[in-house]
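Q: Take this structure first; my questions come after.
The values are calculated or read from the model by the stated rules, or taken from the named source; none is laboratory data. What you see is a predicted model; the values in this text were computed from it and never measured. Glycine gets a Cβ as well: all are built from the backbone with ideal geometry, and neighbour counts include every protein chain shown.
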Amino acid sequence: SSHEHKLNFKRSKEACLSYIQDALLQKQWKRAAEFLTCYVESLEKDYSREHIGPSEMIWRIGTEILWHHSQSSMKEFNCFMEQMKTLGVKRYLKVCLEHVFHLLCNGQIDEAYQNLSLAESWRFGEQTAIQDKEMKLIQAYRGLLDYYSWSKQKNILLENGEDGFSDLAVEQEMHSYFRKAAVNLKEIIKIPGVWDVFVKCYVDLLEFYGDHNEAHQVLNEYAYNSKFPANPNAHVYLCQFLKRQGESKKSLISALKILHDIVPSHELMIDFNTMLQKSKKRKKRRLGLEVIFAALDYAGWKENAKAWSCLARQVKQIVISDKHLNWIKQEWNSRKDWWPAFHFSRYLAKRNWQENKSLSYEKALVAGILLGKDCKYFKYVSHQGCKAQLKRFRMLKKFVNRHNPAYLRISG
Amino acid sequence: MEFPAALFPSYFGAGPPREEGGPALVAGWGEHGQVLEGGPGCLQGQPAFVPRRGATGERWEAADAAAVPVLLPSVGCWIPSPAPQDILYRSGLCKKLRAGKSGATLDFAKQLGHFFVDHPEDAFGSLGRLLHKNFYLGNSKLKVTSSRNSTIRMTALVEDINRLEARRGCPRQHLASRLRWFSHLCRDWLFEVPLGLLADFLHEELIQQWSDLLFDDSLTGGALAWLPPKDGGTPVGCLVHPGGQAMNHLYFQDVVLEELPRAQGSPAQFELSGRIRQVAAARVDGQDFVGVRSDYHCGVWRVPGRKGAAPAPLQVIRTDVPASCLTVSPHLPGELSVCTQSGTIYLWSVETGLQQLRHDPQTMFFRDHSPWHWSDFTAHPRVLSCADRTGLQCLDARAPKRCHFDLFKVGEEAGCQQGERVVLPMYLGRAHPSQYLVTTQFSVYVLDERLPLVPVLKWAHMMKAPPLFAHLMSGHPGRSHKVLLGASRTQELLLFQYRVSFWGVSSGGSQSACQLAGTPQKLHSIAGCLQHLPTQLPHHHHLLQQRLKAPAAGLAATLQEDGPHKSMVIFQLSEAGDVFCQRLTHKAAQPPAAPSRDEATTAPGSSPLFEAPASSPQYRCWLRALSRVCRELPQYTWAPSLSQRRLFTRKDLEGPAGPSSLQRQVRQQLRQTMQEGGRIQRWEPLALQPPPQPQTLEPAGAPDPLSTRLTAAWAGDWEQWWEERTSFSVAQRQRALRERRRRQKRAQGRRSLSASFTSSLTYQSELSELSDTG
């Protein structure tokens, strides 16, 4: 009966697919290609209601094979992609986008641009939500390529400008690229998402043409709109912009404070700490101590000599001035039960000493103040340092011994 | 670790997943996903783009054609867990029913029947004892006696039951009225345990067993751990694995990494009080901490950094509800995190004890019925992640109620599919301090806790069963990290690579966004070595197949660098307790595309091991040990067979005692000729005798005892035959024995006396012969 026929066909199709899958997972591209030619038949009798239909399967498998097959060429790949585009309406934009990606990765920027323009002009009935998203991406990538053309023209112009003559044609071309890029980039960054590249390019365009307000607004929106994910880069871009614009320290600090709140382990925290340490306000220096303590909580910072030296400097300052020891005490309270094992074990003392002497110096200073002169870390490092007759380690020992009362006040 | 200067573009939505989902076989192929400007090639003024997926990765090739056993099978035979056919109802009627779209039908009646038969004391104990005088099971009619009034004949009822069993599965079966009457009458009082209650429990248990068969999440995380060699020592690592009949023995086995890993010395062994579900390990300050989870107990061991130091148990905790997760802190010595199925999460420190961080039996983001919970560590030693099937949250152990954030949600945020569920989260600290791996039944996600909810990498892994095990091997900076995923039931093993590389000066020395590198690769499973084993007898083959196809229970791996040669050793543990391993070698430079290259990679024979697979010493040793260990196994698994011994006496089966006189003569001739240094031209007896008559106990002419006995039995008077035989035999046998001894004496002629008392055991007679002539 026809039902049985259908079932048998389905079964043989599944078997074929599993052979292909097996070959792909073992990197046997040739074998996979041979099976795929058999599988193409399934297009004719497509009864499937699966969410990935045969046409998409053929596109995916075929693409993967052509990426890796030793005898495939770019020409063949393009040819295959064109065929795949006509195969399914639903997936047209997706296939276009992937085709463009491949062209971009292979350095064929112009071909990619053509493909993007073609895809953009494609219309077919009503668009689904996914197609809408894909279309927006296509436009955005076209905008990105326009931006690169713009920046190329800009560089030509700047070079020529140095020579002292300007080229009106080049300038006009550049402006037209700007308009095309700006329109498309502006669109996509309104939608919630991660658009680091697009935002950077758009801001660059705006800044070049002097529209700083718009740029500031775009970056603010990207960083602080709650519909967008909490992307650290959004804050970093904002900070960089503020720095470039020479905005007040206050606004920069408040931007960095927000970054500190969402990502205490961000690498900008070192800059933030140095900035705060220099501040005359007590509150800010207090915040600086908090920032550097919080950063060193994270495993990724464990062996960061720069961060340790920041902490060591500030702690030393506080101890010498004998003011605000309670700041250290408060920070230390929530850490004293696990920092000794996490940072100041004897094992780490040995390893730090072997691998990075200056790191072990900074850490030993902090350990000596926080845990006293009997702490394992300090004892080991200062002993080794004195044995090696290094002057700064002898100074370190003296310093810690002299300031042992500070330790008593912190721990008490 | 720096945050990437720019991330791959992606949309961000909120809410439940919109994309319709389902397992898709090829969903992970042929897609770049997104591209990002960067890479080393942007010097020519043209932007260079890198794809999110499809960048070139390292080439790793299998060194051998199949996985090989590392350890000999452990003592005590493995009892396979129930298979679907054991608990499913299978009959013609049911098949028809199932063709219509109903689910599996559990064979409830059969299991209840098994219980009654296997544990009659527990089922009917007291009433059985009370009633057994009143039930008569014999064939003959009951005589009218005083006991007649209080005794009933049950034979017909038993016959009815037997008939019912024979007609099992017949669509036209109807209960005999007698049976129905009886069961109606005694249902309420006959059973020791009330039938309704018993049935409820049994049904619950059956459903549990069935859901375990479909997906057993108690194995999540895997029960195999590899403790890498200590710094600067010989390449001797330690494999921590469960073993024994109930998988309740914990072994620490030293393993030397050579061409193939080799066990060294005997393992340190601990007997635990429950089946080991998970073994987790982490190295802190040069010491290894090993956490072991069974259903109601969790324990922690320390393996000191010194070479040859024995592992020491540190602490054990007991839980009321089965624990579903145990992970060891990579930051602080002696810290672990424990989750129970009731949704309680503890931070467990060997020094300070347990600290409850959360107790919430509900799932976090939407309602899901699974009680499974998981927890792991993050980049911050005081912040723990906790997970259920709907997503992951991070919470600060210092203020668990106040400080927490969502790390991963099954929803539109991560572009999940409908029906997608978290299977295994894993902290990827060794590769990158703030990265996290989350696997679902469809995809793998790499998350960065600095950018929660948005996966920095997503890829459809296309595995047939959900990946319950994962293992990370971190690469050096600039090189790819390797992740192994393992499934339990299908034993699938998948290797994929991802990269968080530094681009160098061209883009300001910043760190790039996370990229999938190379294509995923399927590795050998344990079952795959079956075809490489020597040919077996069919039933041995079947047993072997059953053993090798046992679901996987754990996964461990290690990278090994020996100068320019890099290799990867992957261990896989099965539920039967077998540990197999395979080696992959790194092919450094991508050779120019030769047409036959890709096909050649799978050809076996690249290693000396597989020149003649069947003769590989690993396999032979393992098979020999297995057959030794499982000698009793056939009795369990085969249909019962009748022993001959019960049907026939030994004497009936006995052959003629001792070597025949012809053999003796020939032997003697041979010996003589050898002494003389001559040769034998024709094999003929020294003297041409007629071949001796077969020796019988009975007088000649009479049929042999077996025939007479069978004849008598056929005629129906077997008992009488027996009577006759016992009375007849004493005199008869004495006579026969005397006769036999005389005959033997005659045949042996000059032989000494000792040879006449030949035993039925031939070797003894040969010994005595040697002593005669020697």
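Q: If I ask for residues that are assigned to a strand (DSSP E or B) and within 14 Å of another protein chain (Cβ to nearest Cβ), which ones from region B:468-485 would you list?
A: Our first condition is that a residue be assigned to a strand (DSSP E or B); within region B:468-485, this holds for B:468-473, B:481-485.
Listed by number, the residues that qualify are B:Leu484, B:Leu485.
Q: Within region A:344-355, work out how many residues are assigned to a helix (DSSP H, G or I), touching a residue at least 12 places away in the same chain (Cβ under 8 Å) and within 10 Å of chain B (Cβ to nearest Cβ).
A: Going through region A:344-355 one residue at a time, the tally reaches 3.
Q: May I pose another question? Out of (1) polar (S, T, N, Q); (2) closer than 30 Å to A:Ala294 by Cβ; (3) more than 14 Å from chain B (Cβ to nearest Cβ), the odd one out for A:Gln172 is which?
A: (2)
Q: In addition: Give the residue, chosen from A:Tyr202, A:Tyr141, that is within 12 Å of another protein chain (Cβ to nearest Cβ) and closer than 19 Å to B:Gln34 by Cβ. It would help to see each step written out before you state the result.
A: On the way: A:Tyr202 fails: within 12 Å of another protein chain (Cβ to nearest Cβ).
Unique residue meeting the criteria: A:Tyr141.
Q: Looking at B:Ser146, is it at pLDDT below 85, in contact with a Lys or Arg (Cβ under 9 Å, 6 or more places away or on another chain) and not acidic (Asp, Glu)? Don't jump to the end; show me each part of the working.
A: Values: at pLDDT below 85: yes; in contact with a Lys or Arg (Cβ under 9 Å, 6 or more places away or on another chain): no; not acidic (Asp, Glu): yes.
No; evaluated as a whole, the condition is false for this residue.
Q: Still on this structure: Quick check: anything in region A:272-294 more than 11 Å from chain B (Cβ to nearest Cβ) and within 21 Å of the chain's Cα centre (by Cα)? Full working, then the answer.
A: In the first step, residues of region A:272-294 are kept if they are more than 11 Å from chain B (Cβ to nearest Cβ); the result is A:272-293.
In the following step, the residues that additionally are within 21 Å of the chain's Cα centre (by Cα) were identified as A:272.
Scanning region A:272-294, I find at least one residue that is more than 11 Å from chain B (Cβ to nearest Cβ) and within 21 Å of the chain's Cα centre (by Cα), so the answer is yes.
Q: From the set of residues in region A:329-339 that are within 33 Å of the chain's Cα centre (by Cα) and under 20 Å from A:Lys284 (Cα atoms), which is surrounded by the most Cβ atoms within 10 Å (Cβ to Cβ)?
A: By that ranking, first place goes to A:Glu331.
Q: Can you confirm whether region A:9-17 contains a residue that is modelled with pLDDT of 90 or more and hydroxyl-bearing (Ser, Thr, Tyr)?
A: no
Q: Now for a different question. Are any of the residues in region A:96-119 of a type in the set (Gly, Ala, Ser) and without any contact (Cβ under 8 Å) to a residue 24 or more places away in the chain? Outline the logic, then answer.
A: Within region A:96-119, the first condition is being of a type in the set (Gly, Ala, Ser), and the residues that meet it are A:107, A:112, A:117, A:119.
Next, from what is left, pick out any that are without any contact (Cβ under 8 Å) to a residue 24 or more places away in the chain: A:107.
Checked region A:96-119: at least one residue is of a type in the set (Gly, Ala, Ser) and without any contact (Cβ under 8 Å) to a residue 24 or more places away in the chain.
Q: If A:Ile130 satisfies all but one of (1) under 30 Å from B:Glu58 (Cα atoms); (2) facing chain B (nearest Cβ under 10 Å); (3) in contact with a helix residue (DSSP H, G or I) (Cβ under 9 Å, 6 or more places away or on another chain), what's the number of the condition it fails?
A: All conditions pass for A:Ile130, except number (1).
Q: Just the residues that are over 18 Å from A:Lys373 (Cα atoms) and either in contact with a strand residue (DSSP E or B) (Cβ under 7 Å, 6 or more places away or on another chain) or within 14 Å of chain B (Cβ to nearest Cβ) (or both), please, taken from region A:307-336.
A: Within region A:307-336, A:Ala307, A:Gln330, A:Glu331, A:Asn333, A:Ser334, A:Arg335 qualify.
Q: Could you check, for region A:239-254, whether at least one of its residues is under 17 Å from A:Lys186 (Cα atoms), polar (S, T, N, Q) and assigned to a loop (DSSP other than H, G, I, E, B)? Talk me through it step by step, then tell me what you get.
A: Pass one, region A:239-254, residues under 17 Å from A:Lys186 (Cα atoms): none.
The answer is no, given that none of the residues of region A:239-254 is under 17 Å from A:Lys186 (Cα atoms), polar (S, T, N, Q) and assigned to a loop (DSSP other than H, G, I, E, B).
Q: Here's another thing I want to ask about it. Would you mind stating whether B:Ser81 is of a type in the set (S, T, N, Q), over 20 Å from B:Leu214 (Cβ atoms) and in contact (Cβ under 8 Å) with a residue 60 or more places away in the chain?
A: Values: of a type in the set (S, T, N, Q): yes; over 20 Å from B:Leu214 (Cβ atoms): no; in contact (Cβ under 8 Å) with a residue 60 or more places away in the chain: yes.
Taking the combined requirement at face value, the residue does not satisfy it.
Q: Please work out which residue is surrounded by the fewest Cβ atoms within 10 Å (Cβ to Cβ), limiting yourself to region B:289-310 and to residues that are within 14 Å of another protein chain (Cβ to nearest Cβ) and assigned to a loop (DSSP other than H, G, I, E, B).
A: Step one: of region B:289-310, the residues within 14 Å of another protein chain (Cβ to nearest Cβ) are B:289, B:302, B:304-306.
Restricting the remaining residues to those that are assigned to a loop (DSSP other than H, G, I, E, B) gives B:304-306.
Numbers: B:Pro304: 14, B:Gly305: 15, B:Arg306: 11.
Ranking the qualifying residues of region B:289-310, first place goes to B:Arg306.
Q: Out of everything in region B:496-535 that is part of a helix (DSSP H, G or I) and touching a Gly at 6+ places or on another chain (Cβ under 9 Å), what residue ends up being modelled with the lowest pLDDT?
A: Applying the first criterion (part of a helix (DSSP H, G or I)) to region B:496-535 yields B:505-507, B:526-532.
Okay, now just the ones that are also touching a Gly at 6+ places or on another chain (Cβ under 9 Å), so B:506-507.
Values: B:Ser506: 37, B:Ser507: 40.
Going through the qualifying residues, I end up with B:Ser506.
Q: Of the residues that sit in region A:69-90 and are modelled with pLDDT under 90 and touching a helix residue (DSSP H, G or I) at 6+ places or on another chain (Cβ under 6 Å), which one is surrounded by the most Cβ atoms within 10 Å (Cβ to Cβ)?
A: A:Met84
Q: Taking region A:69-108 only, how many residues are closer than 29 Å to A:Gly125 by Cα and more than 10 Å from chain B (Cβ to nearest Cβ)?
A: Residues meeting the conditions: 17.
Q: Applying the selection to region B:217-246, what residues are at pLDDT 90 or above and either out of contact with any strand residue (DSSP E or B) (no Cβ under 8 Å at 6 or more places or on another chain) or among the hydrophobic types (A, V, I, L, M, F, W, C) (or both)?
A: Within region B:217-246, B:Leu219, B:Ala223, B:Leu224, B:Ala225, B:Trp226, B:Leu227, B:Cys238, B:Leu239, B:Val240 meet the criteria.
Q: B:Gly54 fails exactly one of the following numbered conditions: (1) at pLDDT 85 or above; (2) assigned to a strand (DSSP E or B). What is the number of that condition?
A: Condition (1) is where B:Gly54 drops out.
Q: Another question, then. Read through the list (1) in contact with a Leu (Cβ under 8 Å, 6 or more places away or on another chain); (2) surrounded by fewer than 19 Cβ atoms within 10 Å (Cβ to Cβ), then give the number of the only condition that A:Ile65 fails.
A: For A:Ile65, the failing item is (2).
Q: To continue, here is another question. Considering only residues that are within 12 Å of chain A (Cβ to nearest Cβ) and assigned to a strand (DSSP E or B), which ones fall in region B:370-407?
A: Of region B:370-407, the ones within 12 Å of chain A (Cβ to nearest Cβ) are B:377-383, B:396-399, B:403, B:405-407.
Result: B:Phe377, B:Val383, B:Asp396, B:Phe405, B:Asp406, B:Leu407.
Q: Can you find a residue that is surrounded by 13 or more Cβ atoms within 10 Å (Cβ to Cβ), at the interface with another protein chain (Cβ under 9 Å from one of its Cβ atoms) and not in a helix (DSSP H, G or I) anywhere in region A:177-192?
A: Among the residues of region A:177-192, at least one is surrounded by 13 or more Cβ atoms within 10 Å (Cβ to Cβ), at the interface with another protein chain (Cβ under 9 Å from one of its Cβ atoms) and not in a helix (DSSP H, G or I), which makes the answer yes.
Q: I'd like to know if region A:221-238 contains one or more residues that are within 13 Å of another protein chain (Cβ to nearest Cβ), on the phi < 0 side of the Ramachandran plot, surrounded by fewer than 16 Cβ atoms within 10 Å (Cβ to Cβ) and touching a residue at least 24 places away in the same chain (Cβ under 8 Å).
A: Scanning region A:221-238 turns up at least one residue that is within 13 Å of another protein chain (Cβ to nearest Cβ), on the phi < 0 side of the Ramachandran plot, surrounded by fewer than 16 Cβ atoms within 10 Å (Cβ to Cβ) and touching a residue at least 24 places away in the same chain (Cβ under 8 Å).
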